[in-house]
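The values are calculated or read from the model by the stated rules, or taken from the named source; none is laboratory data. Keep in mind it's a predicted model, so treat the numbers as computed, not measured. So basically every Cβ, Gly included, is an ideal-geometry build from the backbone, and we count neighbours across all protein chains shown.
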């Protein structure tokens, strides 16, 4: 999102149960896509619910289990959508199988981000945007 949506979007990543480290296969996938990895860190979504946090306009939950997790109430009530993606960090197997899982998750999200960015966000109503970002998550 930071690359494709620049300068209109700034993306952040966080989770409900941060592990304290960024998975090496995630760093490898990100670097392999030509994206910067400096400053990546494992963090809780609680960082983005604080008063001094950046203003959030859209929240996309990506973990398959997110539908059953309790999500925080986001300041400013941004549009939200569940873009369920199998958690590649839960993959067990060979190094190649784990790397493949990260590649597949990256590819799914890359496609959905491209579709999201193709929406005429400046000219459509909020409820239509909400409907469309939910539809994208089902693709």
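General remarks:
- Looking only at the range 89-139, residues that are within 17 Å of residue 1 (Cβ to Cβ), loosely packed, with under 11 Cβ neighbours inside 10 Å and touching a residue at least 12 places away in the same chain (Cβ under 8 Å) come to 1 in all.
- Pair list, Cβ < 7 Å and 6+ apart or interchain, from the range 14-35 residues that are at positive phi to residues that are surrounded by fewer than 16 Cβ atoms within 10 Å (Cβ to Cβ) and not in a helix (DSSP H, G or I): 20/42
- If you go through the range 89-98 and keep only what is part of a helix (DSSP H, G or I) and at pLDDT 95 or above, you end up with 95, 96, 97, 98.
- The range 9-20 - residue that is exposed (fewer than 15 other Cβ atoms within 10 Å of the Cβ) and closer than 14 Å to residue 90 by Cα and, of those, nearest to the chain's Cα centre (by Cα): 17
- Any hit, the range 78-88, residues being in a helix (DSSP H, G or I), modelled with pLDDT of 90 or more and more than 14 Å from residue 137 (Cα to Cα): yes
- Filtering the range 10-24 to residues that are more than 18 Å from residue 35 (Cβ to Cβ) and touching a helix residue (DSSP H, G or I) at 6+ places or on another chain (Cβ under 9 Å) leaves 15, 16, 18, 19.
- Boolean, residue 75 is farther than 17 Å from residue 1 by Cβ, modelled with pLDDT under 90 and surrounded by 13 or more Cβ atoms within 10 Å (Cβ to Cβ): yes
- Within the range 24-52, the residues that satisfy the criterion of being loosely packed, with under 15 Cβ neighbours inside 10 Å and over 24 Å from residue 114 (Cβ atoms) are 24, 38, 39, 41, 44, 46, 47, 49, 50, 51, 52.
- Test for residue 101: is it over 22 Å from residue 8 (Cα atoms), at pLDDT below 95 and outside any loop (DSSP other than H, G, I, E, B): no
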